[in-house]
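In what follows, a single structure is set out as structure tokens and then discussed.
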Amino acid sequence: MPEAPDQNPMMSGFSVAENNKKKLDFIEDVTSNPDQIQQQVLSEILSRNANVEYLMRHGLNGHTDRDTFKKTLPVISYEDILPDITRIANGDTSPILCSRPISEFLTSSGTSAGERKMMPTIEEELGRRSLLYSLLMPVMSQFVPGLDKGKGMYFLFIKCESKTPGGLPARPVLTSYYKSSHFMDRPYDPYTNYTSPNEAILCPDSYQSMYSQMLCGLCQHNEVLRVGAVFASGFIRAIRFLEKHWALLCHDIRTGTLNSLITDQGVREAVMRILKPDPKLAEFVESECKKGSWQGIITRLWPNTKYVDVIVTGTMSQYIPTLDYYSNGLPLVCTMYASSECYFGVNLNPLCKPSDVSYTLIPTMAYFEFLPVHRNDSLSNSIAVPVSLNEKEQHELVDLAHVKHGQEYELVVTTYAGLYRYRVGDVLRVAGFKNKAPQFNFICRKNVVLSIDSDKTDEVELQAAVMSAVGHLEPFGASLTEYTSYADTSSIPGHYVLYWELSHNRSIPIPPSVFEDCCLTVEESLNSVYRQHRAYEAIGPLEIRIVQGGTFDKLMDYAISLGASINQYKTPRCVKFAPIVELLNSRMESSFFSPKCPKFTAAAAPHSQWSTDN
């Protein structure tokens, strides 16, 4: 395999330009022969883990070739290995999944059912994650030169970790990385020169962390060349924090003193190394924040910013208009694709439109397979991903080098840390190729759907329907801040419920009929199966429940209290967990129903003969 480039080149005396070339050469090498590298990766994973219990249980018997691997090992989901994970969590140190010691569990950000998954990992995986991070800025430097001459203002957070009964840490993947020596003890690198001190990032109190990071970002505003967070929603949360607390921040800048609410001593000391009395800066920030409009606030307060680095693919795309508003249309950059299970790849064209973002999977990270997925029919256009695979479907998986342009696949990984043919749950579409390596659009998470009967509405379809409906609000100066959905089956027939939080100055009242039009527009935008069920009263009228401002912040706070990470949190687009539904309902201001059935003709139904069966 191509040798991974030095991840700390400044320690080896390389210039920035030399380092960038080494990293870009590595990308060229691994994308020029991905199939051979993938075979080597699989052989290495299987040979080092030949004697682990899981592989022996399935009868692999030390084989390391691809054909035997595929014939012998099943494609699995989390529930299939949960008993093994539970044993490891409870303290069983025998080689169950991996020959290397499990160093910790990486927790997912949560599901619509309010549960977290725990992914086993090993110490060396931190090196692979660091490698992927080290590729991002050399790629970016091809498009935006001079980024080594300033700083990045990134809002990064950790979550307090827990311990399993066996004593292993259980924490989100980014918390693991930020607490590791790879991040905390990183040598000087102009590309990892951030406005936020480590102490502020590592503060477990989210308010103190956010306040301190924002304050440090304002103090160094002329040095900032790029801004960002992990997800678009997290960055917008930071800007709204500034909207609420700019007066306190300006006081601290003016006086050179730190607010007494910041009680973490390490954070106070770190911030005070940056904070100096600066009445002129305080006056500037105050004058900008006092203005009636916050349009372009990013470029007004941080005038040298070149781009906003956040994830805006998938359901994060709904935040693009808000980011454009705050940034005056700065480029929105998605740099990498990763999950708790594995870090996958990078965006080699980072200044592309958000709708065109594609990720090149790096073949050395893990062994990748792809399960073809299909739209149910041309009318519903919803994604069909089987929950469990039959023998025929098990054999349909294809390798990284053999995917087809335009086809959609579910990602399946085999990792160095002990996941074998594991279904990640992401649906990807092949967008093109870098040399011989495919590039993928992220489409959605699988099976995040609303369903009352045999209808299925995935998150992509729901997002499009909601976006079609919110146009009714624009003449009234209102916009959608956040939303989620719920399949309410407490009455018969059941119906879809959308929870909407709005931004509205209330100077122009919104008539109830407008919200009813929104309900109907959503329904008209959904697939023919849904509309058929509505026509035959198998599904009741869609309902929109307007919730109080700040409701989705409360929802995030609740998720964090259950163990989600502020850094990884994404608003769930469908909720099922009873306490979450109760929280949303408790903050409902008003409710509206679709006034009539959406348009539907039996001739347009994919299986119209079913409706006439008696």
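Dipole size in debye (nearest 20) for the chain around its Cα centre, Lys and Arg Cβ +1, Asp and Glu Cβ -1? Provide the component values of the computation, followed by the final result.
Values: 57 positive and 68 negative charges, 186 e Å.
For this selection, approximately 900 debye.
So for region 520-584, what percent of the C-alpha to C-alpha distances run longer than 18 Å? Tail of the P(r) past 18 Å holds 52 percent of the pairs.
Pulled fully out, how much extra length does the chain show between LYS392 and SER15, if you take 0.36 nm times their separation in residues and subtract their Cα-Cα distance?
130.4 nm is the gain from fully extending LYS392 to SER15.
Between the C-alpha center of region 312-347 and that of region 130-187 there is a gap of 17 Å. Can you figure out the FRET efficiency of SER287 with ASN505, using R₀ = 25 Å and their beta-carbon distance, to the nearest 0.05? It comes to 0.70.
If the only charges are +1 at each Lys and Arg Cβ and -1 at each Asp and Glu Cβ, what is the size of the charge dipole of region 68-211 around the Cα centre, to the nearest 20 debye? Intermediate results must be reported in sequence, preceding the final value.
Values: 15 positive and 15 negative charges, 51 e Å.
Dipole of region 68-211, to the nearest 20 debye: 240 debye.
Compute the accessible area per residue over the chain, keeping the other protein chains in place, probe 1.4 Å, unit Å². Could the numbers behind the result be given before it?
On the way: 24860 Å² over 614 residues.
Heavy-atom accessible area per residue stands at 40 Å².
Accessible-area rank, largest first, for MET214, MET588, MET336: MET588, MET336, MET214, with all protein chains present and a 1.4 angstrom probe. Partner lysines whose Cα lies under 17 Å from the Cα of LYS306, excluding those fewer than 8 positions away in the same chain, are identified as LYS149, LYS151, LYS353.
As a size descriptor, the averaged projected area of the C-alpha convex hull of region 404-487 was calculated at 9.3 nm². Helices meeting the span-like rule in the chain (full DSSP H runs, Cα extent of at least 30 Å along the helix axis, mean Kyte-Doolittle score of -0.5 or higher): 232-255.
Sorting the Cα pairs of the chain by distance into bins of 10 Å, from 0 upward, gives 3, 15, 25, 27, 19, 9, 2, 0, 0 percent per bin. Once the Kirkwood radius over Cα pairs is known for region 264-371, the Stokes-Einstein relation at 25 °C and 0.890 mPa s delivers a diffusion coefficient of 143 µm²/s.
Solvent-accessible area of SER451, all protein chains in place: 40 Å² (probe radius 1.4 Å, heavy atoms, ligands and nucleic acids excluded).
Within the straight-line cut-off of under 23 Å between alpha carbons, the lysines reachable from LYS599 are LYS456, sequence neighbours fewer than 8 places apart in one chain being disregarded.
Positive-end ranking of CYS98, TYR343, CYS444 along the dipole of the chain, with charges on Cβ about the Cα centre, is headed by TYR343. Taking all protein chains as they are arranged and a probe of 1.4 Å, the heavy atoms of GLU482 leave approximately 20 Å² accessible to solvent.
Stretching the chain fully between LEU261 and GLU79 yields a gain of 61.2 nm (0.36 nm per residue, less the alpha carbon separation).
Give the carbon-plus-sulfur fraction of the accessible surface of region 11-92 in %, rounded to a whole number; probe 1.4 Å, heavy atoms of protein chains only.
Values: 1900 of 3910 Å².
The computed percentage sits at 48.
A 1.4 Å probe over all protein chains sorts ARG171, ARG423 by accessible area into ARG171, ARG423, starting with the largest.
The values are calculated or read from the model by the stated rules, or taken from the named source; none is laboratory data. Here the structure is a predicted model, which is why all the values come from computation and not from measurement. Cβ sites come from the backbone with ideal geometry, for glycine too, and all protein chains shown count toward neighbours. Surface accessibility is based on the protein's heavy atoms, side chains included, excluding ligands, DNA and RNA. Shrake-Rupley method; radii C 1.70, N 1.55, O 1.52, S 1.80 Å.
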